[in-house]
Every structure is written in structure tokens, then in C-alpha cells.
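Here is the structure we will look at, set down as C-alpha cells.
Every read-out reported here was derived from the displayed coordinates using simple, explicitly stated rules and does not represent laboratory data. This one's a predicted model, so the numbers in the text were calculated from it and none came from an experiment. Heads up, the Cβs are rebuilt from the backbone with ideal geometry, glycines too, and the neighbour counts pull from every protein chain shown.
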Ligand SMILES: Nc1nc2c(ncn2[C@@H]2O[C@H](COP(=O)(O)OP(=O)(O)OP(=O)(O)O)[C@@H](O)[C@H]2O)c(=O)[nH]1
Ligand SMILES: [Mg+2]
């Protein structure tokens with residue numbers, strides 16, 4: 001059975017971030033293996049950077065060994081963790097093994113030593129003071145002693161694995177075809193509050209497929225919203241110039257009072273709205289507009305709606321806006337249009353670092369946000385996708401790319417579910433239409 005650390009996600013995260021963003025890999029757990037220093041040292045010898053964590057009643061203390069347990073004397077960083085605060089104190093040079101009291105020789109580090117078989121650690125008053133612990137903290141009785149190898153977040157093997165996943169996803173999305181060839185391109189509408197990151201997602205997808213950062217869609221921060229036109233963005237792969245089989249449709253932000261008009265959403269969904277149409281929050285498009293698309297076909301309509309939210313502000317949306325989004329969602333359900341949620345800005349959540357993007361949904365703060373979206377809007381967990389958009393970077397990052405591509409893949413699966421579920425007569429008539437067009441072109 002795999003051993004699990006006693007540290008909470010938050011405690012582990014604080015230590016990880018404090019000691020340079022390392023991943024903690026549990027090597028020894030005294031409560032499972034044995035409270036015996038020889039066994040512990042035998043298992044943890046020569047593993048490179050190592051952390052010993054002692055779980056007390058109200059506090060966690062420990063030692064960070066930059067070079068791990070080995071024969072040379074070295075400086076040792078002692079630490080104490082309370083809530084999310086880490087305090088440290090450097091001691092040494094000492095033999096790292098002398099962190100543990102040796103009963104045979106009575107050798108140990110005088111100011112700090114662990115008597116593992118007695119489940120206690122003795123800390124001098126001077127070190128207690130430096131760590132911000134009260135002097136009566138010593139001896140401190142411990143429930144556990146866990147020892148971790150501190151690994152680089154992205155080692156060589158993981159970098160290679162990510163590159164493979166990234167290439168497989170790029171390949172899968174390049175060769176994607178909408179269900180039954182019913183439409184040449186999947187049309188995906190991005191809807192969401194002002195500033196949620198809709199246009200940034202367009203730029204992120206474009207950047208990933210182009211192979212370099214692009215800022216084609218205008219992004220920014222404005223309380224009244226930045227995007228005021230309906231824009232449809234085809235995506236091309238690198239330099240080959242061929243459009244990929246999907247189009248991202250960017251819209252004006254939703255707002256409690258102003259913003260995108262609900263009637264305009266209906267027109268976009270039905271394919272009546274032309275590219276570059278200038279929205280007016282007060283006056284939705286009508287059939288009298290000179291560029292209104294009257295005889296829209298399945299290929300002009302929206303095949304999947306993506307509700308985009310800034311993850312850090314999901315709980316602060318006004319009551320009126322939440323009610324508006326729920327109304328839009330109910331209308332989509334009624335007309336059979338499938339939709340998913342895309343959470344952006346995960347990188348700006350507290351304590352989240354770049355390394356967390358590898359497995360972002362397992363991070364505690366992100367899990368809480370997923371629950372909030374599920375609870376407040378009723379979206380299924382499997383329909384909630386998470387990305388970190390490219391906003392101020394100069395270069396692409398394979399880990400971000402993978403998140404963006406995974407989200408896009410899920411969106412395209414949803415498009416296919418929608419197309420497959422269309423009433424047969426609609427499919428057949430569209431098929432006939434595209435055959436006629438094809439013949440005409442020939
Ligand atoms: N840190 C971070 N910032 C983001 C992310 N996505 C978007 N932003 C920032 O959020 C702000 C708004 O982004 P936009 O893409 O313009 O948002 P929008 O939904 O298109 O906004 P409107 O067009 O006004 O409705 C910009 O300053 C972006 O740089 C993200 O994933 N992480
Ligand atoms: Mg925008």
C-alpha cells in the first residue's frame with residue numbers, strides 16, 4: 001500500500017514553495033515503518049536533497065538537508081511551520097545523521113536532536129527562539145517522523161513525458177473531424193463575464209498551434225469590457241496556412257445590467273450574426289441589419305458553448321449576473337446546445353506555482369473552486385475545464401500548452417456529442433446541402 005503523508009495539502013505546499021518549489025517524495029514514515037533511526041537512515045541515505053518532518057500536536061518542525069544524508073558535515077536548515085508561516089534557522093556544519101540521537105555513542109547535535117524511539121525532539125531555547133517557538137516547546141512529543149526526497153518539479157523524465165503528451169494532443173486535434181462530416185468546422189462560442197479571459201483563451205489556442213505567442217485578440221481590463229465586436233477566429237497550424245477544423249467565436253462580456261444582450265446570444269447561436277458585428281448592449285441585432293445572415297445553416301450555428309470564468313472571482317459574481325448566466329444555461333439546455341465551463345486565471349490563485357499546472361485539478365484550492373462552480377451553477381464536474389492562459393509570456397510553455405490542448409479536446413468531444421445527437425432530418429438536409437455545394441464547386 002502506498003504511504004501517504006500526514007501533511008495537509010496546504011502544509012506540503014507551504015514547505016514546497018518555501019524550499020524552492022521542490023516536489024516532496026515520501027521515503028520513510030515512522031508510524032508505518034518503525035520509530036527506529038537506523039532503519040530511517042538506511043532507507044534515506046544518499047538521496048540528494050532531503051527533508052525530515054516531525055509532526056507535533058500543534059506544530060510541524062523539521063530539517064532540510066540540501067545535500068541529504070551523507071558522511072560529510074554540512075549546514076542544516078531547521079524549520080517550524082505554523083498555519084502557513086515557515087520560520088527557519090541555519091545550524092552547522094554538522095553530520096546530518098546526528099539529527100538523530102545515537103543511543104550507543106550518545107552523539108547528537110546539541111541544540112536539536114530527535115530521539116525517535118521515544119517519539120520526541122529536544123530543541124534548545126536559543127533555537128526555539130530563532131524558530132519563533134515558545135521555550136516550553138522542548139521536548140516536543142511527535143506523532144510521526146516523515147522523511148522526503150526533494151525532487152525537481154520538472155525532471156528530465158517528466159519533461160520528456162509532457163513533450164510526448166503535447167505532440168499526441170496536437171496530432172489528435174489537427175486530424176479531428178466534426179461528427180459525420182456534418183460541418184466543415186466546429187464553431188465554439190466563448191461566453192462569460194467581462195474580463196473572464198475569453199479573448200485570452202483565443203490567443204492562447206492560436207499561440208499553441210502557431211508555435212509562438214500571438215496577441216491577435218484584444219485583451220485587457222476594463223470594467224465595461226474590452227471586446228465589443230463579435231469575432232470569429234479560424235486557427236491555423238504552424239506555417240502550413242490551412243485552417244484547422246474549428247473556429248473560436250469571441251463575444252462581448254456578460255454583465256448584470258449592460259454587456260452582451262441575451263437576444264444577441266440567441267442570434268449568435270442560430271448563426272445570424274456576422275463576423276465583426278458591433279454589439280450594442282441596448283439594441284440587439286435584427287434581421288434589418290445589412291450583414292444579418294438570414295439563411296443560416298448548421299455550419300453557421302454554434303456547436304458548443306464554453307462558459308469562461310476567472311477562477312479567482314467565481315464566488316464574487318453578483319447575484320444578478322449568476323441569475324443571468326443560469327437563465328442562459330437553461331435556454332441552452334432547452335434548445336439542446338451542449339456547453340462546458342472553462343476556468344482561467346488558475347495561476348493567480350494563492351500558493352499555486354507553475355509546477356502545480358502539471359496536475360492542477362488535484363490542488364486543494366482548485367478543487368474548492370470546482371465545487372463552487374458545481375454548487376452555484378449546477379455544472380457537472382466532468383464539464384469543468386481548467387487552463388492558465390498566455391497573458392504576459394514571451395515563450396510557450398509545454399505544461400500550459402498541454403492544459404490548453406486538453407481543454408480544447410474536451411470541447412471538441414462535446415461538439416461531436418452535439419452533432420451526433422441532432423435530429424436525423426436536420427443532419428440529412430444539411431448533408432444534402434453540402435453535397436450540392438460540393439457538386440457546384442466542381
Ligand atoms: N493570470 C492570468 N491572467 C489572465 C488569464 N486569462 C486572462 N487574464 C487577464 O485577464 C484580463 C482580461 O482578459 P480578457 O481575455 O481580455 O478577458 P475577456 O473575457 O475577453 O474580457 P472582455 O472582452 O472585457 O469581456 C487581462 O488582463 C488578461 O491578461 C489567466 O489565465 N491568468
Ligand atoms: Mg474579450
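Data overview
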{"quantity": "Principal-axis tilt of helix 198-210 within the chain, Cα atoms, nearest 10 degrees", "calculated": "80 degrees"}
{"quantity": "Convex hull volume of segment 166-441 per residue (C-alpha atoms, cubic angstrom)", "calculated": "133 Å³"}
{"quantity": "Separation of the residue 327 and residue 161 label points, Cα + 7 Å toward Cβ, nm", "calculated": "4.7 nm"}
{"quantity": "For segment 318-382 and segment 99-136, distance of Cα centres in Å", "calculated": "47 Å"}
{"quantity": "Values of log10 I(q)/I(0), in the order q = 0.12, 0.15 Å⁻¹, for segment 9-151 under a Debye, Cα-only, solvent-free model", "calculated": "-0.41, -0.67"}
{"quantity": "Those residues of segment 329-365 whose amide nitrogen sits under 15 Å from the label point placed on residue 397, 7 Å along Cα→Cβ", "calculated": "344-361"}
{"quantity": "Computed label-point distance, nm, for sites residue 376 and residue 218 using a 7 Å Cα→Cβ extension", "calculated": "2.8 nm"}
{"quantity": "Paramagnetic reach from residue 238 in segment 211-230 [backbone N under 11 Å; point 7 Å along Cα→Cβ]", "calculated": "211"}
{"quantity": "Distance histogram for segment 79-161 (every C-alpha pair counted, 10 angstrom bins, percent rounded to whole numbers)", "calculated": "15, 40, 27, 13, 5"}
{"quantity": "Mean Cβ count within 10 Å, highest first, over the residues of peptides 228-235, 286-293", "calculated": "228-235, 286-293"}
{"quantity": "Which of 352, 337 has the fewest Cβ neighbours within 10 Å, and the rest in rising order", "calculated": "337, 352"}
{"quantity": "Burial ranking of peptide ranges 40-51, 389-400 (average Cβ count within 10 Å, highest at the top)", "calculated": "40-51, 389-400"}
{"quantity": "Helix axis angle, 319-334 relative to the chain longest principal axis, alpha carbon, degrees", "calculated": "60 degrees"}
{"quantity": "Cα convex hull volume per residue for segment 316-378 (Å³)", "calculated": "95 Å³"}
{"quantity": "Extension gain (nm, one decimal) between residue 291 and residue 3, 0.36 nm per residue minus Cα-Cα", "calculated": "97.3 nm"}
{"quantity": "The chain: relative contact order as a whole-number percent, Cα under 8 Å and 6+ apart", "calculated": "13 percent"}
{"quantity": "Full-stretch length increase - residue 361, residue 315 - with 0.36 nm per residue and alpha-carbon distance subtracted", "calculated": "14.8 nm"}
{"quantity": "Virtual paramagnetic centre 7 Å along Cα→Cβ of residue 263, amide N under 18 Å, in segment 227-246", "calculated": "230"}
{"quantity": "Likely footprinting exposure, 294, 374, 242, fewest C-beta neighbours within 10 Å first", "calculated": "294, 242, 374"}
{"quantity": "Sites residue 151 and residue 45, calculated FRET efficiency, Cβ-Cβ separation with R0 22 Å, nearest 0.05", "calculated": "0.85"}
{"quantity": "Residue 413 paired with residue 102, simple spin-label distance in nm, labels 7 Å along Cα-to-beta-carbon", "calculated": "5.7 nm"}
{"quantity": "Using alpha-carbon coordinates, inclination of helix 156-174 to the longest axis of the chain, degrees", "calculated": "10 degrees"}
{"quantity": "CD proxy at 222 nm, helix term only [per DSSP H run n ≥ 4: -39500 (n - 2.57); per residue of the chain; nearest 500]", "calculated": "-10000 deg cm²/dmol"}
{"quantity": "Residue exposure sequence - 300, 356, 102 - by fewest surrounding Cβ within 10 Å", "calculated": "102, 300, 356"}
{"quantity": "Pairwise centroid distance, computed over Cα atoms, of segment 152-211 with segment 6-39, Å", "calculated": "35 Å"}
